[in-house]
Amino acid sequence: MNSILLVDDEAAICVELQRTLQELGYRVEVAHTFESALGSINEARFDAILVEFNLRSECGANPRTGGGIRLIRDLRDSGTTIPILMYTVMEGKTYKAASLEAGADDFILKQIPISDFFSRLREHIMMRGET
(Lines give C-alpha, C1' and ligand atoms only; values in the text may rest on other atoms or scores of the structure.)
Protein backbone atom coordinates (compact mmCIF):
# COMPACT_ATOMS: atom_id res chain seq x y z
CA MET A 1 0.00 0.00 0.00
CA ASN A 2 1.40 3.39 -0.99
CA SER A 3 1.79 5.93 1.77
CA ILE A 4 1.13 9.66 1.33
CA LEU A 5 1.92 12.58 3.63
CA LEU A 6 -0.66 15.33 3.10
CA VAL A 7 0.66 18.66 4.41
CA ASP A 8 -2.09 21.27 4.48
CA ASP A 9 -3.51 23.49 7.22
CA GLU A 10 -7.03 23.49 5.76
CA ALA A 11 -8.83 20.83 7.81
CA ALA A 12 -11.82 20.43 5.48
CA ILE A 13 -9.60 19.83 2.45
CA CYS A 14 -7.51 17.33 4.39
CA VAL A 15 -10.54 15.33 5.53
CA GLU A 16 -11.96 15.04 2.02
CA LEU A 17 -8.69 14.30 0.26
CA GLN A 18 -7.61 11.82 2.94
CA ARG A 19 -10.93 9.97 2.64
CA THR A 20 -10.71 9.85 -1.15
CA LEU A 21 -7.09 8.68 -1.15
CA GLN A 22 -7.87 5.99 1.42
CA GLU A 23 -10.78 4.75 -0.70
CA LEU A 24 -8.30 4.37 -3.55
CA GLY A 25 -6.00 2.26 -1.39
CA TYR A 26 -3.50 4.82 -0.10
CA ARG A 27 -2.39 5.12 3.51
CA VAL A 28 -2.57 8.83 4.35
CA GLU A 29 -1.05 10.77 7.21
CA VAL A 30 -1.95 14.43 7.65
CA ALA A 31 0.26 17.23 8.98
CA HIS A 32 -1.23 20.69 9.50
CA THR A 33 1.95 22.71 10.11
CA PHE A 34 5.50 22.98 8.82
CA GLU A 35 6.83 21.56 12.09
CA SER A 36 4.43 18.63 12.28
CA ALA A 37 5.31 17.71 8.68
CA LEU A 38 9.00 17.54 9.56
CA GLY A 39 8.18 15.35 12.55
CA SER A 40 6.09 12.98 10.42
CA ILE A 41 8.81 12.68 7.79
CA ASN A 42 11.37 11.79 10.46
CA GLU A 43 9.10 9.10 11.93
CA ALA A 44 7.69 7.30 8.88
CA ARG A 45 8.38 6.37 5.27
CA PHE A 46 6.23 7.92 2.56
CA ASP A 47 5.94 7.29 -1.18
CA ALA A 48 4.93 10.89 -1.90
CA ILE A 49 4.35 14.17 -0.10
CA LEU A 50 1.61 16.67 -1.02
CA VAL A 51 2.30 20.21 0.19
CA GLU A 52 0.17 23.37 0.26
CA PHE A 53 2.05 26.51 -0.85
CA ASN A 54 0.87 28.70 2.05
CA LEU A 55 1.47 26.21 4.82
CA ARG A 56 1.10 27.37 8.41
CA SER A 57 4.07 27.42 10.76
CA GLU A 58 3.86 27.36 14.54
CA CYS A 59 6.04 30.46 14.74
CA GLY A 60 6.95 33.55 12.76
CA ALA A 61 5.55 36.97 11.94
CA ASN A 62 3.79 35.73 8.78
CA PRO A 63 2.94 32.17 9.77
CA ARG A 64 1.41 31.15 6.42
CA THR A 65 3.48 33.00 3.81
CA GLY A 66 5.14 30.43 1.57
CA GLY A 67 5.65 27.82 4.29
CA GLY A 68 5.30 25.07 1.71
CA ILE A 69 8.27 26.43 -0.22
CA ARG A 70 10.35 26.47 2.96
CA LEU A 71 9.35 22.88 3.74
CA ILE A 72 10.32 21.67 0.26
CA ARG A 73 13.68 23.46 0.42
CA ASP A 74 14.43 22.00 3.85
CA LEU A 75 13.52 18.49 2.70
CA ARG A 76 15.63 18.70 -0.45
CA ASP A 77 18.55 20.22 1.48
CA SER A 78 18.39 17.24 3.86
CA GLY A 79 18.64 14.81 0.95
CA THR A 80 14.99 13.73 0.70
CA THR A 81 14.31 12.07 -2.65
CA ILE A 82 10.62 11.33 -2.09
CA PRO A 83 8.38 12.87 -4.76
CA ILE A 84 7.07 16.18 -3.43
CA LEU A 85 4.06 17.66 -5.18
CA MET A 86 2.93 21.21 -4.54
CA TYR A 87 -0.86 20.86 -4.28
CA THR A 88 -2.34 24.33 -3.99
CA VAL A 89 -4.94 26.90 -4.99
CA MET A 90 -2.20 29.46 -5.68
CA GLU A 91 -2.42 30.02 -9.44
CA GLY A 92 0.18 31.72 -11.58
CA LYS A 93 3.58 31.29 -13.14
CA THR A 94 5.34 32.87 -10.15
CA TYR A 95 3.96 30.27 -7.71
CA LYS A 96 4.72 27.41 -10.07
CA ALA A 97 8.26 28.61 -10.77
CA ALA A 98 8.99 29.15 -7.06
CA SER A 99 7.71 25.67 -6.23
CA LEU A 100 9.73 23.91 -8.90
CA GLU A 101 12.86 25.94 -8.11
CA ALA A 102 12.50 24.95 -4.44
CA GLY A 103 12.59 21.29 -5.48
CA ALA A 104 8.96 20.26 -6.00
CA ASP A 105 8.54 17.49 -8.54
CA ASP A 106 5.22 18.85 -9.74
CA PHE A 107 2.84 21.78 -9.29
CA ILE A 108 -0.81 20.73 -9.16
CA LEU A 109 -3.75 23.08 -8.73
CA LYS A 110 -6.45 21.85 -6.36
CA GLN A 111 -9.00 22.92 -8.96
CA ILE A 112 -8.02 20.27 -11.55
CA PRO A 113 -10.27 17.25 -12.05
CA ILE A 114 -9.60 14.65 -9.38
CA SER A 115 -8.88 11.99 -12.03
CA ASP A 116 -6.04 14.15 -13.41
CA PHE A 117 -4.69 14.67 -9.91
CA PHE A 118 -4.61 10.92 -9.20
CA SER A 119 -2.98 10.18 -12.55
CA ARG A 120 -0.16 12.60 -11.78
CA LEU A 121 0.25 11.30 -8.23
CA ARG A 122 0.43 7.68 -9.44
CA GLU A 123 2.93 8.65 -12.13
CA HIS A 124 5.30 10.18 -9.57
CA ILE A 125 5.01 7.17 -7.27
CA MET A 126 5.63 4.74 -10.14
CA MET A 127 8.65 6.76 -11.39
CA ARG A 128 10.12 6.62 -7.89
CA GLY A 129 9.65 2.86 -7.83
CA GLU A 130 11.63 2.48 -11.06
CA THR A 131 14.76 4.13 -9.66
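Cβ separations smaller than 9 Å between residues 6+ apart or across chains give the following pairs from the stretch 1-17 residues that are in a loop (DSSP other than H, G, I, E, B) to residues that are among the aromatic types (Phe, Trp, Tyr): Met1/Tyr26; Asn2/Tyr26; Asn2/Phe46; Asp8/Tyr87. So Asn42 fits all but one of (1) assigned to a helix (DSSP H, G or I); (2) touching a Gly at 6+ places or on another chain (Cβ under 8 Å); (3) free of Cβ contacts under 8 Å to residues at least 40 places away in the same chain; (4) not acidic (Asp, Glu); what number is the exception? Condition (2) is where Asn42 drops out. Residues Asp47, Asp8: which one is closer than 20 Å to Met127 by Cα and either at pLDDT 95 or above or open to solvent by less than 20 Å² (accessible area, probe 1.4 Å) (or both)? Residue meeting the stated conditions: Asp47. For the stretch 90-122, the set of residues classified as under 20 Å from Glu16 (Cα atoms), within 13 Å of the chain's Cα centre (by Cα) and among the aliphatic types (A, V, I, L, M) consists of Ile108, Leu109, Leu121, listed by residue number. Please state which one of Ser57, Ser119, Ser115, Ser78 is in contact with a Pro (Cβ under 8 Å, 6 or more places away or on another chain) and among the hydroxyl-bearing types (Ser, Thr, Tyr). Among Ser57, Ser119, Ser115, Ser78, only Ser57 is in contact with a Pro (Cβ under 8 Å, 6 or more places away or on another chain) and among the hydroxyl-bearing types (Ser, Thr, Tyr).
The values are calculated or read from the model by the stated rules, or taken from the named source; none is laboratory data. None of the values given here were measured: they were computed from a predicted structure. In this analysis, Cβ positions are derived from the backbone assuming ideal geometry, glycine residues included, and neighbour counts consider all displayed protein chains. Surface areas here come from the heavy atoms of the whole protein model, side chains and all, with no ligands, DNA or RNA. Shrake-Rupley method; radii C 1.70, N 1.55, O 1.52, S 1.80 Å.
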